[in-house]
Amino acid sequence: FFSCMGFRFVTLAAFALGILVGALLVTLSHLLSAPEEAPSVTCSSPPQAPAAACRCPVQVCEPCSPCPKTVHQCEPCAPCPEPREEDAARQADSDGAAAELTIPIPTVSSSVVLTPDAKYLGLVQPVIALQDGLFPIPPGIKRLALDLGSSMYSPSGQRWFRRGDGDDLAVIAVEPHPYAFSLLAYTSHPIMVDNPRSFMFYYPPCRSYNGTKMTPAPEVWYKSCFNRSHRDLYSRRKQFFPLNAAVSNKAGFSPFNLGAGDSGVGSLYEFKHGSKWEKKRPWGWTQVPTIRMDHILQFLPQNLTFEIVKIDAQGHDAEVITGVGEFITKFKCVIGEFDIRAGQEEYEGTENERKASQGVDYRKFLKGNGFKHVELGLWVNTRFKEAFLKADYMCTAWDINVVHWRILSTLGIPKAEWPKMNTG
């Protein structure tokens, strides 16, 4: 009896042990094959309602875009796309330095981006309607000029168009200050110009053509104030392409100093402590897109005559000109505030010596591409001696005039070959 009972007990124990081992194996198998859970991230500020969404830190998805959110947790990030070849910057220096990649901007969607510091959302907005993949240059246009740092007070495009041969000229004007740019945009839109009461811009009292002080009623302001310095931009609006961005040697986004009492002193740099602008009431900062001009110039018809690059970038002129890249050799002249000590004394980190030590040397860039310094901020391209000899150039800006014989002398053209002219 006892031996029979013992046999039954051993049999039952073995059966129970087998079931236990099988259950453990099944559990272990499920654990090993289970997908990894999405990382749990607690937002700094909890949602106010169960359905509200909160923003998880951008580092969760680096270098991808911030991931989609639900209440308290972030969903897994999608894999980053491979960088496109066209996102690489063109040649940065004349000595053949390696091309520099643009700053990666996290993409939220095809029309929304997030700045690298995750503090600003940006909109991708079409600004130029291309024709056959190129800028819509009107028929008859043969020449191109760049007004980089156009300003609302003294756009050089206005002076260039005023020349007798402005009929065949196209101007690309780039202005980073959002409020100054709004006036340039106002100029290029006939709907706004023809309906001033619907788009009112106030301005301090100005003087009319006969010197009479006038009040800023919308119609009077446009016809007698704004129109004095911008009327040619309006009449040539099909030849005028304003862009709201800061020009640099890198593409991406950057903080922008809105100025203090004057939009003309807006800059990518901070005012130096104790400077005259720092003592005024600053207008604060915003974010602006930064572009390299060679990324824009590749969409221009290359049979155009590239006349001039004018730069007024409040301490950032060296970066602007190096961002023109290999296209610089196509321009006859460059005008910039490269050595304006007053500007370098107003902004932090704008000294040319400091920039040169960091690899941004405008002198090396221009000399290496065949340019010679004339005077002030004017540099001329030695490849165009024949054009300069014939006075076939427009090396002027709003407030800069250069005597013709100084250019010829700088180029080393013998006086015997100079045309008859007044050299006084």
### In segment 299-383, the chymotrypsin sites (Phe, Trp or Tyr not before Pro) that fall in loop regions by DSSP, at most 14 other Cβ within 10 Å
Phe299
#### Entry: Placed amide H near Gly259: partners under 5 Å, 5+ positions off or other chain
Ser267, Trp283, Gly284
### Task
Just grab the label-to-label distance for Val403 and Leu134, each label 7 Å out from Cα along the Cβ direction, in nm (one decimal).
4.1
#### Entry: Per-pair calculated FRET efficiency, R0 = 35 Å: Lys279 and Ala118 via Cβ, rounded to 0.05
0.60
#### Entry: Cross-link pairs Lys250/Lys332; Lys272/Lys372; Lys250/Lys367; Lys310/Lys364; Lys276/Lys367; Lys142/Lys390 - those with Cα-Cα distance over 28 Å
Lys272/Lys372; Lys276/Lys367
### Message
Sort 129-141, 406-418 by the packing proxy (mean of other Cβ within 10 Å over each peptide's residues), most packed first.
### Response
406-418, 129-141
### Task
Would you mind computing Rg(Cα) / (2.2 N^0.38 Å) for segment 234-333, counting N as its residues?
1.24
## Note on the structure
Residues whose built amide H sits under 5 Å from the amide H of Asp361, excluding neighbours closer than 5 in sequence, are none
### Task
Can you tell me which of 313-325, 112-124 comes out highest on packing, and rank the rest after it, using the mean Cβ neighbours within 10 Å?
313-325, 112-124
### Query
Using a 1.4 angstrom probe with every protein chain in place, what is the largest-first accessible-area order of Ser154, Ser110?
Ser110, Ser154
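The values are calculated or read from the model by the stated rules, or taken from the named source; none is laboratory data. This one's a predicted model, so the numbers in the text were calculated from it and none came from an experiment. Neighbour counts run over all protein chains shown; Cβ positions are idealised from the backbone, glycine included. These area figures cover heavy atoms from the full protein model, side chains too; ligands, DNA and RNA do not enter into them. Shrake-Rupley method; radii C 1.70, N 1.55, O 1.52, S 1.80 Å.
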